[in-house]
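Some notes on the structure that comes next.
Derivation of every value follows stated rules applied to the coordinates shown; laboratory data play no part. All values reported here derive from a predicted model rather than from experimental measurement. Positions of Cβ are generated from backbone atoms using ideal geometry, with glycine treated the same way; all protein chains shown enter the neighbour counts.
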Amino acid sequence: MTAKMDFKTALRGELAQLRFFALLLCHTPDRSDDLAQETLIKTWAAEDRFQPGTSLRARLFTIMRNTLASVSQFRSRRFRRLTKFSRQAPALEPQVPALTRPPGWPAGEDGLVAARRQREVSVGRPALAPARRG
């Protein structure tokens with residue numbers, strides 16, 4: 001068995017612990033999976049620098065913590081930049097026209113219920129006697 005196969009086997013053996021540690025750090029499954037994947041990519045790219053006999057788990061967890069720190073710094077800088085921009089920019093009122101309900105839609109109904117009711121009325125209306133059509 002070659003050293004590359006040993007590395008693959010060792011990496012495969014650490015996946016469960018890696019994903020669990022990512023979940024502890026991120027608290028959400030989506031972000032933890034992204035973090036674990038990013039860690040695996042970085043570890044795989046630096047495979048030639050791995051020395052057999054050293055702890056792969058310690059290496060993986062260190063790479064994961066450093067990746068999380070760099071991602072957190074990026075988000076923090078981005079947040080600061082966005083809040084700085086929002087403080088400098090004048091507050092703009094959105095120019096959205098007032099939404100009105102079409103005639104025949106009772107207040108408080110959502111769009112799907114009201115559309116179904118409107119369709120039922122338009123289909124059934126011709127069947128009514130002219131005196132009953134409102």
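Using the Karplus equation 6.51 cos²θ - 1.76 cosθ + 1.60 (θ = phi - 60°), what ³J(HN,Hα) coupling, rounded to whole Hz, does each residue of the range 17-23 give in order, writing x for Gly and Pro?
Using θ = phi - 60°, the values come out as 5, 5, 5, 5, 5, 5, 5 Hz.
Quick check on the exposure proxy: order R31, R19 from fewest to most C-beta atoms within 10 angstrom.
Final ranking by Cβ density, sparse to dense: R31, R19.
Whose amide H sits under 5 Å from the amide H of F50, counting only residues 5 or more places off or on another chain, with H placed in the peptide plane?
Here the answer is none, since no amide H 5 or more places off falls under 5 Å of that of F50.
Under the Karplus relation 6.51 cos²θ - 1.76 cosθ + 1.60, θ = phi - 60°, what is the ordered set of whole-Hz ³J(HN,Hα) values for the range 59-64, x standing for Gly and Pro?
Values per residue, Gly and Pro as x: 5, 4, 5, 5, 4, 5 Hz.
Based only on other Cβ atoms within 10 Å, what is the fewest-to-most ordering of D30, D6?
Least crowded to most crowded, the residues run D30, D6.
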